[in-house]
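Okay, structure first, notes after.
What follows draws every value from the coordinates through simple rules; no lab data is involved. Quantities reported herein were computed from a predicted structural model and do not represent experimental measurements. We place every Cβ from the backbone using ideal geometry, glycine too, and count neighbours over all the protein chains shown.
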Ligand code: KE4
C-alpha cells in the first residue's frame, strides 16, 4: 500500500504541530507506522491522500453514526450556514435539540450544550461539586473523561485511593480531590468512601470504551447507585461515547440504573463540535445565570452544530430498525474475528454493545483496566497494520472501541472478516 504522500504530510505537520497531530491518539504511536492523512470520507469509506480506500470503523471516534457526508446532515448544515455561522446569542434550534434529548431521558430535566466532551465532563463535575458543596470525586482506572486537570490522574501510592497527576503540568493540588477506584469492583469504591466523607460525585463510563470495550456489570451499577444514595453523592454517567451508540438511549437504554447527571458528545453533534451535560432540575438550576455555579462558552450551542445534531438525532429516532441492524453487523463482525482467531490459535476476547464493538488480544475476559493491560499490544499493532493494508481502518490503539455505521453493508462486513482471516494467519 502506497503511503508516500501521508508520510511527507506527516513530516511537514510535525514541523508546525506538536507530534504532527491535534490529538495524540491520531499519531499511531501505539501501533507504529505513519498516520494516514485523509483526503475525504464517503459513506462507510475513508480515502487517504495517496488514493487508498478504507472501510472506516473509527468514524471520527464515534460521531459519524450514518457514515461520512450523510446527505440529511449535510443538507441541514449547508442550510444553517446560509443564515450565519455563530451569533453568541440564543437560537430556537438549541431549545429544539435540548427538548429532543430531555424528552428521551428520565434522568434529564435540563441540559446545557458545550463544544466538546471534555468541556461537558469538566462542567458536570464543577456543577456536582457546587450542588453538593463537596470537593472530592471518584473516577475509575481505565475510564477517560477528557483532558481536564482533575481527571488526568493515575493510581496513587499503595492503599491510598487519592490519585496523582498522570501528566506533567497538572499540579498535585489539582488531583488531590480525585479518588481512583477499580472498574466493576464495588469494594474499591467503598474504600473511597472510607477515605473521604466529602465525595461530590462518582463519574464513570457506564459502558467503558477507552480501555477497549468493557461494559460495567449491572450489579456494579446498582451498587454504585445505592452507595451514592447512602452518601448523598451524585452518580454521573459519562455517555460521550456510549450515548446513542450502545442503544437508542446509550447505556441508559440497557441498564435499569438512573444516574443523577449525564454527559454527551460525539453523535449529538453529527460530526460537528458539540458536548452536553444534563440532569435533574434541582441540580441544573444551580448553573449560572440562574444559579451560582459558573460555566460559559463562546461557541456553546453553535447553531450550525445544533442543526447537525438535530438532523443526526432525528434520523436516529425515526429509524426503528437502526439499532437492530447495528447489533447484527457488529455481532457478525466480532464472531467472524473470533472464529478466525480460533482457527489460528490466537486468544481473542470480543464484545458488542449496539453499534460499539471491541476485541482484545487477551487470554482472559477483560473486566477492568488491569485485565486490559494484559492484552498483547504488539499483536494488536500487527493486526492494525495488516488490516490497513487490506483496506480496513481500525482504531490505532488496543484500548479503544470500534464502531459500525449505517452506511456499512453486509458485504463490507463479510470482506472485513475475510481480510481478518488472512491477517490473523499472517501474524499468528
Ligand atoms: P472530547 O473532549 O475528545 O470531545 O471528549 C472527551 C471524552 C469524554 N468522555 C468519553 C467517554 C470519551 O470517550 C471522550 C473522548 N473519546 C476519545 C476516544 N477514545 C476521543 C479521541 C481523541 O482523544 O482524539
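Some notes on this structure:
- Calculated on the alpha-carbon coordinates, the convex hull of the range 71-318 measures out at 124 cubic angstrom per residue.
- Förster radius 35 Å - calculated FRET efficiency between residue 281 and residue 23 (Cβ-Cβ, nearest 0.05): 0.50
- The label point for residue 190 and the one for residue 60, both projected 7 Å from the Cα toward the Cβ, are 4.5 nm apart.
- Taking a point 7 Å out from the Cα of residue 4 in the direction of its Cβ, none of the residues of the range 382-402 has a backbone N less than 12 Å from it.
- Extension gain for the segment residue 298 to residue 69, taken as residue separation times 0.36 nm less the Cα-Cα distance, is 79.8 nm to one decimal.
- Rel. contact order, % - alpha carbon contacts under 8 angstrom, at least six apart, the chain: 21 percent
- Per residue, the convex hull volume that the Cα atoms of the chain enclose (Å³): 142 Å³
- Fraction of antiparallel bridges per DSSP, the chain only, in percent to nearest 5: 60 percent
- Across the range 71-318, the relative contact order, built from alpha-carbon pairs under 8 Å that are at least six residues apart, equals 29 percent.
- Full-extension gain in nm, residue 288 to residue 317, via 0.36 nm per residue minus C-alpha separation: 7.3 nm
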